[in-house]
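K.L.:
Take a look at this one; I'll ask things after.
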2 protein chains.
Amino acid sequence: MKRTKAERQRLLKEKIEETPFITDEQLANFFAVSIQTIRLDRMELSIPELRERIKYVATNQWNETVKALPLEEVIGEVIDLELDRRAISILDIHSDLVFSRNKIARGHHLFAQANSLAVAVINDELALTAKADIKFTRQVKEGERVVAKAFVEGNQKGLTIVNVKSYVGNEKVFSGIFHMYRSNEEKGEDNHEISN
Amino acid sequence: MKRTKAERQRLLKEKIEETPFITDEQLANFFAVSIQTIRLDRMELSIPELRERIKYVATNQWNETVKALPLEEVIGEVIDLELDRRAISILDIHSDLVFSRNKIARGHHLFAQANSLAVAVINDELALTAKADIKFTRQVKEGERVVAKAFVEGNQKGLTIVNVKSYVGNEKVFSGIFHMYRSNEEKGEDNHEISN
DNA sequence: ATTACTGTTAGTACCAAGTCATAAAATTGT
DNA sequence: ACAATTTTATGACTTGGTACTAACAGTAAT
């Protein structure tokens, strides 16, 4: 079955995404063309060589062709989510989350809630916090319910800015600007290179 | 400093566990021995070659068990504490602290470690984080040990400034300036610089 | 028909990061 | 001092490539 070049390249891309640990030789066999053809194809598609692909998977950057962050991994409960726009989660401060002495919620829980919400709102398989500027404006005590609201505010030199504000009732208790690294550019054209 | 063989091999093992993506050449440099010695060592310790190590890391992510993570009292272990001066804690990044998909430690754990250390170093019953300026400078992967070092840097309008830097090996992975609220004034006045 | 272009194949030289085997040199133990 | 251990050197071979050059077949254009 003679495939066209475009067709073969489409399939090649798929194949490599499926099983990244495949040598050019195996690919050549699979597509019944020469190794050189495979290499030309890879070059045209700017698909890196096997070792680079493996390294890529190993180091992360990867994080895969798969979906977004599973919502179970978000601290707190996501009650509203509009990818790349905004998200809301709630976290009930129960006894495990407070200092035993004064029943005040430990800061890192509020941070964790906000941070994981910032990760979740990013429409990308891999979102990591590069930088954050945060403020705890009021103590939160046991029994209170914290509502975190995240807003994506745009990009700044490759990082996505997410603003998260957390409230108990209508009192702000926490706010933070998160600078999020993401592996791919925002949706749309996915013609991006990998240059390192 | 002449190390014994056994000692070198012990360190070698550690080093490779820490940073698996290191070539024999780099290792030879690091330990100031020849490449061949490194290779003999690896053989004796049956440590596979670089590419195999990379592949191992890469494939491990593939067949992964996903699990949810509760944020417990997992803020690291304080190993050195000089109240109102400095403190050190270590946190081993085990499987519960990472994103299931890519084995990268979730940011809030690093934050939690640093933040709780900042709380601990304050000589007061009540210390709360008012503000924080933090930066994640390198991803931390499962199995790595994060050493957080906190330095009290003085006061600024009622808030105590604590500088926390976290390292894996000698690589900085996190840094943050914490502005801590405290109920009582500090007892002793002390300002010290940190040089890095 | 000649020319130009595309797509494919082939072959060479080279590289990184190893392996394996073998030998010589240096260090250490006694 | 001498043997044993440890380290270094050396060369040949392996994998999975890159980079480049050349050649050939088929199709299209003039």
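K.L.:
What is the sum of charges, Lys and Arg at +1 and Asp and Glu at -1, for the other residues whose Cβ falls under 11 Å from the Cβ of A:ASP133? Each step should come with its number before you reach the end.
P.N.:
Values: positive: A:LYS131, A:LYS135, B:LYS131, B:LYS135; negative: B:ASP133.
Residues close to A:ASP133 contribute a combined charge of +3.
K.L.:
Nearest 100 Å², what total accessible surface is buried between chain B and chain A (probe 1.4 Å)?
P.N.:
Details: alone 12140 and 12300 Å², together 20810 Å².
So the buried area, both faces added, is about 3600 Å².
K.L.:
Taking each residue in A:161-168, count the Cβ atoms of any other chain within 10 Å of its Cβ, then average. What number comes out?
P.N.:
Values: counts 0, 0, 0, 0, 0, 0, 0, 0.
Whole-number average of other-chain Cβ neighbours for A:161-168 is 0.
K.L.:
Considering every Cα-Cα pair within the stretch A:5-59, what fraction, in whole percent, is farther apart than 12 Å?
P.N.:
On the way: 915 of 1485 pairs.
So the pairs more than 12 Å apart make up 62 percent of the total in the stretch A:5-59.
K.L.:
Cross-link list A:LYS135/B:LYS141; A:LYS135/B:LYS172; A:LYS165/B:LYS157; A:LYS149/B:LYS15; A:LYS131/B:LYS15; A:LYS15/B:LYS135: which exceed 31 angstrom alpha carbon to alpha carbon?
P.N.:
Values: A:LYS135/B:LYS141 27 Å; A:LYS135/B:LYS172 23 Å; A:LYS165/B:LYS157 25 Å; A:LYS149/B:LYS15 42 Å; A:LYS131/B:LYS15 28 Å; A:LYS15/B:LYS135 38 Å.
Too far apart for the 31 Å limit: A:LYS149/B:LYS15; A:LYS15/B:LYS135.
K.L.:
Sticking with this one: Find the accessible area per residue for the stretch B:5-62; the probe is 1.4 Å, ligands and nucleic acids are left out, and the unit is Å². Before the final figure, lay out each step's value.
P.N.:
Values: 3600 Å² over 58 residues.
Per-residue value: 62 Å².
K.L.:
Something else about it: If packing is taken as the average count of other Cβ atoms within 10 Å, what order do B:106-113, B:130-137 fall into, highest mean first? The partial results should precede the final answer.
P.N.:
Details: B:106-113: 25.5, B:130-137: 18.6.
So the order, starting with the most tightly packed, is B:106-113, B:130-137.
K.L.:
Still on this model: Would you mind getting me the FRET efficiency between A:GLU171 and A:ARG85? Use the beta-carbon distance for r and R0 = 25 Å, nearest 0.05. Write out the running numbers ahead of the final one.
P.N.:
Working: r = 25 Å, r/R0 = 0.99.
Step by step, r from the Cβ atoms, then E = 0.50.
K.L.:
What spacing in nm lies between the two simple spin-label points modelled at A:LEU11 and A:PHE151, each 7 Å away from Cα in the Cβ direction?
P.N.:
Taking the two extended label points, one gets 5.1 nm.
The values are calculated or read from the model by the stated rules, or taken from the named source; none is laboratory data. Model, not experiment: these values are computed from the prediction. Quick reminder, even Gly has a Cβ in these numbers, built from the backbone with ideal geometry, and neighbours come from all protein chains shown. Accessible surface is based on the protein model in full, side chains and every heavy atom, while ligands, DNA and RNA are left aside. Shrake-Rupley method; radii C 1.70, N 1.55, O 1.52, S 1.80 Å.
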